[in-house]
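Working notes, beginning with the structure itself.
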Amino acid sequence: MQKTFTANSTTSGLIKLALPIIFASLLQMTYNIVDMFWVGRISSDAVAAVGSATFFINLGTALASIVSMGAVIKISQAVGAKNELQAQKFASASMIMAIGLGLIYTISLFLFSDGLISFFDMNNVWVDQQASLYLRISAIGVIISFINITFTAILNARSKTKLSFRAVLYGNIINLILDPIFIILLDGGVEGAAWATICSRMVSLTYFYAIIYKQQLVRFVFRQIDRVSFTSILVVGFPGAIQRVLFTVIAIVIGKLVSGWGVDAIAAQKIGLQIESITFMIVGGMQQAISIAVGQAYGAKNYTHIDRLYGSALKIVGVVGVFSTILFLTIPSQLVAIFVDNPNTIEIGSNYLIIVGLSQLFMCLEMITGGTYNGQGLTRYSASVSVIFTSLRIPLAIWLGSTELGVNGIWWSIAITSIAKGLTLAGIYRFRAAKLTRMQEQLIIQQQK
């Protein structure tokens, strides 16, 4: 019988489920961090090239969440309801959708790489050329990435988080080995960084194939998929995906605004984002964990357990948020200097970390509350709040950037909107918690009749 998380109501149980996801997320993040470290040994221009191209790679990951988010929610709910056939249908439908979407995005990057990079108007021919080259090579690995993301979602929804962690771990080890070889020893530069990442993702895919097909951990039933399987995944996955896509698109626009302060500012933003993403990935791992746990509890109709999970998750990420805030406010320049030695880049990046450091706790609040909604299939709640306030970053960044704050005004637009999202989502959640209590009471009455 499939073991579900709902049997364990303790904080330690949530941590046990979340840790492999968190470690996997951190390892996934190191793909870019390791690239930044070795590419940074070349120049700030090289960092700017990889950084600008990575925006569009991240956009692909956001698109993949249409499938992965829907798969996690629907499969975890089916597992909680002990409906194995339905879980298999959702897994099969999600894989077909991931492959199709991955192919479309891969072709798009090949065809429009030059135009996408020119959007930033960096006024540096070498940076433009290297960024476009990095984007075209990375496009080869997009479909691999989409499949890996979907495999991860399928396993995580069944609480098999340790297996998905191992897949990322093995791929990351290969990336750690190949990056210095391809970038420095073979003088591959930006191109070498892209090829190293593709090789590492192939290793992860190979591991997924071995454990899923050889050990038959998941059974795909492609011939039994019905229209409901596809539409159900889209209905719950689409709002969250729109949220992520919009977030990435707005990040690209913000990157365009930042480019007005030169290549050093672009490099500083990229490095700052990578450092901040450590917090984001840790909390993102907990967000995925609570989505799975809540999904299984919701499928099992254990509604009051959801609020207990929410409270436990907030306590855990609160510690992370406080630690990140202290770190960003006290040693920002030392963190940025790990990646570059350009004084101007270090100064701009330090200001970024100090300003966004003030919003770390609110980012944690936003993500955990959103994950709790998502596990119930209510992805539109967190998506709506995120779309509204994240969209406000652009006019706010334009206004504040035009003041004496300069590029720091753009960093303030990010911090202010993050604070607003966290407070708004948490405020709305209290009404949902009361409704869950009423649903549980009604269920008990029905069972007693």
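I'd like to know if the stretch 326-336 contains one or more residues that are surrounded by 21 or more Cβ atoms within 10 Å (Cβ to Cβ), touching an Asp or Glu at 6+ places or on another chain (Cβ under 9 Å), of a type outside the set (V, I, T) and within 15 Å of T279 (Cβ to Cβ).
Residues of the stretch 326-336 surrounded by 21 or more Cβ atoms within 10 Å (Cβ to Cβ): 328, 332, 335-336.
When the remaining residues are screened for being touching an Asp or Glu at 6+ places or on another chain (Cβ under 9 Å), the result is 328, 336.
With the extra rule that they be of a type outside the set (V, I, T), the set shrinks to 328.
Keeping just the survivors that are within 15 Å of T279 (Cβ to Cβ) gives 328.
Scanning the stretch 326-336, I find at least one residue that is surrounded by 21 or more Cβ atoms within 10 Å (Cβ to Cβ), touching an Asp or Glu at 6+ places or on another chain (Cβ under 9 Å), of a type outside the set (V, I, T) and within 15 Å of T279 (Cβ to Cβ), so the answer is yes.
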### Summary
Pairs returned, first residue in the stretch 313-328 that is in contact (Cβ under 8 Å) with a residue 12 or more places away in the chain, second residue that is crowded, with 21+ Cβ neighbours inside 10 Å and hydroxyl-bearing (S, T, Y), beta-carbon separation under 7 angstrom, 6 or more apart or interchain, are V320/T279; S324/T279
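Yes or no: G70 modelled with pLDDT under 85, buried (at least 22 other Cβ atoms within 10 Å of the Cβ) and within 25 Å of the chain's Cα centre (by Cα)?
Judged against the criteria, G70 is not a match.
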### Query
In the stretch 108-131, what residues are among the hydrophobic types (A, V, I, L, M, F, W, C) and free of Cβ contacts under 8 Å to residues at least 12 places away in the same chain?
L111, F112, V125
### Task
Might you let me know whether the stretch 204-214 holds any residue that is hydrophobic (A, V, I, L, M, F, W, C), more than 30 Å from Q129 (Cα to Cα), in contact with a Pro (Cβ under 8 Å, 6 or more places away or on another chain) and part of a helix (DSSP H, G or I)?
no
### Query
Given the conditions (1) of a type in the set (D, E, K, R); (2) within 22 Å of W38 (Cα to Cα); (3) touching a residue at least 24 places away in the same chain (Cβ under 8 Å), which single one is not true for D187?
(3)
### the stretch 294-313 - residue that is of a type in the set (G, A, S) and out of contact with any His (no Cβ under 6 Å at 6 or more places or on another chain) and, of those, surrounded by the most Cβ atoms within 10 Å (Cβ to Cβ)
G295
### Summary
Taking the stretch 275-324 and keeping residues over 20 Å from the mean Cα position of the chain (by Cα), of a type outside the set (A, V, I, L, M) and farther than 27 Å from T437 by Cα leaves F323
### Task
Evaluate the following for I331: is it of a type in the set (A, V, I, L, M) and in contact with a helix residue (DSSP H, G or I) (Cβ under 8 Å, 6 or more places away or on another chain)?
no
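When residues of the stretch 257-280 are filtered for being of a type in the set (D, E, K, R) and modelled with pLDDT of 85 or more, how many remain? Lay out the reasoning, then the answer.
We begin by selecting, within the stretch 257-280, every residue of a type in the set (D, E, K, R); these are 264, 270, 276.
Okay, now just the ones that are also modelled with pLDDT of 85 or more, so 264, 276.
Total satisfying the criteria: 2.
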### Query
Any residue at all in the stretch 82-105 that is of a type in the set (S, T, Y), surrounded by 15 or more Cβ atoms within 10 Å (Cβ to Cβ), farther than 23 Å from V236 by Cβ and out of contact with any Cys (no Cβ under 6 Å at 6 or more places or on another chain)?
no
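A quick yes/no check of all residues on (1) surrounded by fewer than 24 Cβ atoms within 10 Å (Cβ to Cβ); (2) farther than 30 Å from W411 by Cβ:
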position	(1), (2)
G237	no, yes
A241	yes, no
T248	yes, no
V263	yes, no
I271	no, no
Q288	no, no
K315	yes, no
### Query
Among the residues of the stretch 62-83, is any free of Cβ contacts under 8 Å to residues at least 60 places away in the same chain and among the charged types (D, E, K, R)?
no
### Task
Go through the residues of the stretch 173-195 one by one and say whether even a single one is out of contact with any Pro (no Cβ under 7 Å at 6 or more places or on another chain), surrounded by fewer than 20 Cβ atoms within 10 Å (Cβ to Cβ) and under 29 Å from Q88 (Cα atoms).
no
### Tabulated pairs, the stretch 380-402, first under 27 Å from I348 (Cβ atoms) and free of Cβ contacts under 8 Å to residues at least 24 places away in the same chain, second buried (at least 21 other Cβ atoms within 10 Å of the Cβ) and among the hydroxyl-bearing types (S, T, Y), C-beta under 9 angstrom, 6+ apart or interchain
P395/S413; L396/S413; L396/T417; W399/S413; L400/S413
### Query
L353: of a type outside the set (D, E, K, R) and either under 24 Å from G260 (Cβ atoms) or crowded, with 16+ Cβ neighbours inside 10 Å (or both), yes or no?
yes
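The values are calculated or read from the model by the stated rules, or taken from the named source; none is laboratory data. Computed from a prediction, not measured in an experiment: that's the story for all the values here. All Cβ positions, even for glycine, are placed from backbone atoms using ideal geometry, and neighbour counts span all protein chains on display.
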